[in-house]
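The values are calculated or read from the model by the stated rules, or taken from the named source; none is laboratory data. None of these values were measured; they are calculated from a predicted model. Cβ placement follows ideal geometry from the backbone for every residue including glycine, while neighbour counts extend to all protein chains displayed. Just the protein is used for accessible areas: all its heavy atoms, side chains included, with ligands, DNA and RNA removed. Shrake-Rupley method; radii C 1.70, N 1.55, O 1.52, S 1.80 Å.
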Amino acid sequence: MSSTTINRDGFRDRIERGEQVEPTENLPREYREAAQRMIQFHANSEIVGTLPERRWIKKAPSLRRKRAISAKVQDEAGHAQVLYRVAETLGLKTRDEMIEDLLEGDAKYANVFNYEAKTWADAGYIACFIDGAAMFRQGSLTESSYAPYARGLRKICYEESFHVKHGEDIIRSLATGSKKEQEMLQDAVDRWWEPTLQFFGPRDDDSVHQDELMDWGLKVKTNDELRQQFLEEFYIPKLEQYGVEIPDDDLYYDEEAGRWEYSPLDWDRFLEVSRGGGPMNDARMDERTRAYEDNVWVRRAAGVN
Ligand SMILES: [Fe+2]
Ligand SMILES: [Fe+2]
């Protein structure tokens, strides 16, 4: 049954009026399942992104940078915790079951974390532009129909805005630094351009779950709408501001259509990476297992598991 045909107790009417719903209400099973898939994906992404980011605490070039990136890593782990707890309120899976999914390698998460952050410029780029992209996505989701998710995201977005500032500060210092630093920044942008645009997910025509999520009001803007908004309001203006060359010669703004046009992205590659064939999929899996095993003593000391 499609989500549009479900209107038990006028539930769909309420969603269409833009109402937000609480977990204590009689929510259709299909709604809970769609919300579970989306929020669990988001929570997993926070964990998978955070684990390799820890490495930059040691490698950051100054005490000030180390402090900022430590705070970011701590925030991201907190975001995962908030989001798993939000997902738990749907009553379908416990937090432990979701962690188990993640450790078994079955769980989906944002593809962008299957690429390697090679240099310090990459660490700054990720904080500025990947967290920046996440801000656009999550900012729209503060209007999501699932009230606990919308509330959680308001806190998360507040912290994300600091991550973006921290990232931009790194970008600024590289862009105004030595020739070598400027080249390092350009190299980061060249490598991350495509994964960043793909961060918003498949094109609207190819997205499997999008219509259902939009119907339920769980998602409020489409992947393509968010991609355009990000290009227009943040990505292109920031790259121009810092004198970075945009690595797509065919990029232009179509005045009539009111949108940015860019060279076709490699969506076959995107699918391959999401199915496990990206450069860092295996390393990310190992990292999760190692982190879980290394922290057995913490869970024991805290009296859990
Ligand atoms: Fe986050
Ligand atoms: Fe973040």
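Take the conditions part of a helix (DSSP H, G or I) and touching a Phe, Trp or Tyr at 6+ places or on another chain (Cβ under 9 Å) and apply them to Lys238. Does it pass? Here the answer is yes, as Lys238 does meet what is asked.
The number of residues in segment 86-96 being farther than 16 Å from Gln138 by Cβ and touching a residue at least 24 places away in the same chain (Cβ under 8 Å) comes to 6. One residue stands out in segment 259-283 among those that are assigned to a helix (DSSP H, G or I) and aromatic (Phe, Trp, Tyr): the one that is surrounded by the most Cβ atoms within 10 Å (Cβ to Cβ), namely Phe270.
In this structure, is Val244 outside any helix (DSSP H, G or I) and at pLDDT below 95?
no
Of all residues in segment 284-294, how many are free of Cβ contacts under 8 Å to residues at least 12 places away in the same chain and either surrounded by 12 or more Cβ atoms within 10 Å (Cβ to Cβ) or of a type in the set (Asp, Glu) (or both)? Of the residues in that region, 3 qualify.
Considered as a group, the residues in segment 171-209 that are open to solvent by less than 20 Å² (accessible area, probe 1.4 Å) and under 16 Å from the mean Cα position of the chain (by Cα) include one that is farthest from Arg227 (Cα to Cα), and that residue is Trp192. With respect to being open to solvent by 20 Å² or more (accessible area, probe 1.4 Å), part of a helix (DSSP H, G or I), within 16 Å of ligand 1 (Cβ to nearest atom) and of a type in the set (A, V, I, L, M), Val86 falls outside the description. Quick check on Asp205: is it more than 23 Å from Ser62 (Cβ to Cβ), part of a helix (DSSP H, G or I) and free of Cβ contacts under 8 Å to residues at least 12 places away in the same chain? The answer is yes for Asp205. Only one entry of Glu143, Glu168, Glu159 meets the criterion of being in contact (Cβ under 8 Å) with a residue 24 or more places away in the chain, surrounded by fewer than 16 Cβ atoms within 10 Å (Cβ to Cβ) and among the acidic types (Asp, Glu), and that entry is Glu143.
The number of residues in segment 98-139 being within 20 Å of Arg37 (Cβ to Cβ), away from ligand 1 (no atom under 15 Å from the Cβ) and not basic (Lys, Arg) comes to 12.
Would you please name the residue that is nearest to the chain's Cα centre (by Cα), looking only at residues in segment 210-223 that are within 13 Å of Arg137 (Cβ to Cβ) and either among the hydroxyl-bearing types (Ser, Thr, Tyr) or buried (at least 19 other Cβ atoms within 10 Å of the Cβ) (or both)? Among those that are within 13 Å of Arg137 (Cβ to Cβ) and either among the hydroxyl-bearing types (Ser, Thr, Tyr) or buried (at least 19 other Cβ atoms within 10 Å of the Cβ) (or both), it is Asn223.
For segment 32-75, the candidate set comprises residues that are small (Gly, Ala, Ser) and outside any helix (DSSP H, G or I); within that set, the residue that is nearest to ligand 2 (Cβ to nearest atom) is Ala60. For segment 169-186, the set of residues classified as in contact with a helix residue (DSSP H, G or I) (Cβ under 7 Å, 6 or more places away or on another chain) and either at pLDDT below 95 or of a type outside the set (S, T, N, Q) (or both) consists of Ile170, Ile171, Leu174, Ala175, Glu181, Met184, Leu185, listed by residue number. Do we have any residue at all in segment 110-118 that's within 25 Å of Phe270 (Cα to Cα), of a type in the set (S, T, N, Q) and open to solvent by 10 Å² or more (accessible area, probe 1.4 Å)? Looking for residues that are within 25 Å of Phe270 (Cα to Cα), of a type in the set (S, T, N, Q) and open to solvent by 10 Å² or more (accessible area, probe 1.4 Å), one finds at least one in segment 110-118, hence yes. Each residue in segment 67-77 was checked for being within 16 Å of ligand 1 (Cβ to nearest atom) and open to solvent by 30 Å² or more (accessible area, probe 1.4 Å), and 6 pass.
Thr24 meets all of the listed conditions (1) assigned to a helix (DSSP H, G or I); (2) open to solvent by 70 Å² or more (accessible area, probe 1.4 Å); (3) more than 24 Å from Glu159 (Cα to Cα); (4) free of Cβ contacts under 8 Å to residues at least 12 places away in the same chain but one, namely (1). If you check Arg37, Arg95 for being more than 16 Å from ligand 1 (Cβ to nearest atom), open to solvent by 30 Å² or more (accessible area, probe 1.4 Å) and within 30 Å of Trp193 (Cα to Cα), only one passes: Arg37.
Taking residues in segment 59-85 that are closer than 17 Å to Glu168 by Cβ, and partners anywhere that are more than 11 Å from ligand 2 (Cβ to nearest atom) and charged (D, E, K, R), the pairs with Cβ atoms closer than 7 Å and at least 6 places apart or on different chains are Ala60/Lys66.
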